[in-house]
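To start, the structure under review is shown below, and the notes come after it.
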């Protein structure tokens, strides 16, 4: 058996990294010992690297001439996330693939059946509802080589797998049945659940649903001193709410704090943007130069091309208006302050477009 530290260094060189974070080392060590691990950390510390590194480290640590290919099953809620991670892993020389209706490559499907890939991504439905893949998991290839189950974005179990209120329809019932994987693969295979969004109650719900016993819990709730929340009463003249922001832009220009104003519809987003435009005039532009690249206030919503957003929302843009939508890529936007705006009934006639 090779030394864990030496194996880590070999893997880090492969990935072009300097070192693992302490939380990653704790998780990997316990998973290699066969313990379940629950990771509750914000976006950024590299939660995914834990299960991405596992098959390589497992094979390094447990070196044996008779060993086959170690396989990690990764449960993920979104095809886009799977595709991004598979593409990234391939660029690092790691064999990875995803299964599901969107996977049209028959050669990939055959290689998955043969246990060629080190990481196999799929939704709960793909692994459990699809009888073909369920049978594949029961074959000797998977019984002998699956060494870890990883549940990424594990909060979806609580959010989607159970009814929020009595009598309401469950959004994705298969998220409440991921534990069935533990009865299909060999007993003793550890499970790691990872999320950036879990209260104590949510964590307990997830761990119960996944049948996690005596799990190592890794949690980190950072204090973000540069992020603040404030609440203010919105009067009947709603647009007056923004007068202080408009005054700040007029006085400080590009030096003012960055702000994101989240709105409920595209029409309201457009209306607020037009209000800033009318009130600020030339002050809406850095150096009072009327060029789109110099705008201090910008608008973003579902009908704005993403490439257009990434080029126009440069460092000079201080205030952005964004429509709130399900699964919106809000993590692409950064700010010091955020304002979620809900309009009174007088604006209900503007809410017919989504």
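The values are calculated or read from the model by the stated rules, or taken from the named source; none is laboratory data. Bear in mind the structure is a predicted one, so any value in this text is a computation, not a measurement. Heads up, the Cβs are rebuilt from the backbone with ideal geometry, glycines too, and the neighbour counts pull from every protein chain shown.
The condition (being without any contact (Cβ under 8 Å) to a residue 60 or more places away in the chain, closer than 21 Å to residue 207 by Cβ and assigned by the TED database to the domain that holds residue 176) is satisfied by just one residue among 54, 127, 88: 127. Residue count for the stretch 263-284, restricted to those that are in contact with a helix residue (DSSP H, G or I) (Cβ under 8 Å, 6 or more places away or on another chain) and surrounded by 15 or more Cβ atoms within 10 Å (Cβ to Cβ): 12. Checking every residue in the stretch 220-227 against the condition of being buried (at least 17 other Cβ atoms within 10 Å of the Cβ) and farther than 12 Å from residue 37 by Cβ gives zero matches.
Yes/no per residue for (1) farther than 23 Å from residue 188 by Cα; (2) exposed (fewer than 15 other Cβ atoms within 10 Å of the Cβ); (3) without any contact (Cβ under 8 Å) to a residue 40 or more places away in the chain; (4) outside the structural domain of residue 60 (by the TED database):
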| site | (1), (2), (3), (4) |
| --- | --- |
| 11 | yes, no, no, no |
| 14 | yes, yes, no, no |
| 19 | yes, yes, yes, no |
| 25 | no, no, yes, no |
| 28 | no, no, yes, no |
| 31 | no, no, no, no |
| 34 | no, yes, no, no |
| 38 | no, no, no, no |
| 42 | yes, yes, no, no |
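Total residues in the stretch 244-301 satisfying the condition of being in a helix (DSSP H, G or I) and more than 22 Å from residue 227 (Cα to Cα): the figure is 27.
Residue 74 passes every criterion in (1) assigned to a helix (DSSP H, G or I); (2) at pLDDT 95 or above; (3) within 18 Å of the chain's Cα centre (by Cα) apart from (1). Contact annotation: residue pairs with Cβ atoms under 7 Å, 6 or more positions apart or on different chains, pairing a residue in the stretch 100-113 that is in a loop (DSSP other than H, G, I, E, B) with a partner that is surrounded by 10 or more Cβ atoms within 10 Å (Cβ to Cβ), are 100/79; 100/122; 100/123; 100/126; 102/79; 103/109. Can you find a residue in the stretch 200-211 that is assigned by the TED database to the domain that holds residue 48, surrounded by 12 or more Cβ atoms within 10 Å (Cβ to Cβ), in a loop (DSSP other than H, G, I, E, B) and modelled with pLDDT of 90 or more? Yes; the residues of the stretch 200-211 include at least one that is assigned by the TED database to the domain that holds residue 48, surrounded by 12 or more Cβ atoms within 10 Å (Cβ to Cβ), in a loop (DSSP other than H, G, I, E, B) and modelled with pLDDT of 90 or more. Residues of the stretch 67-82 that are within 25 Å of residue 11 (Cβ to Cβ), in contact (Cβ under 8 Å) with a residue 12 or more places away in the chain and out of contact with any strand residue (DSSP E or B) (no Cβ under 7 Å at 6 or more places or on another chain): 68, 69, 81.
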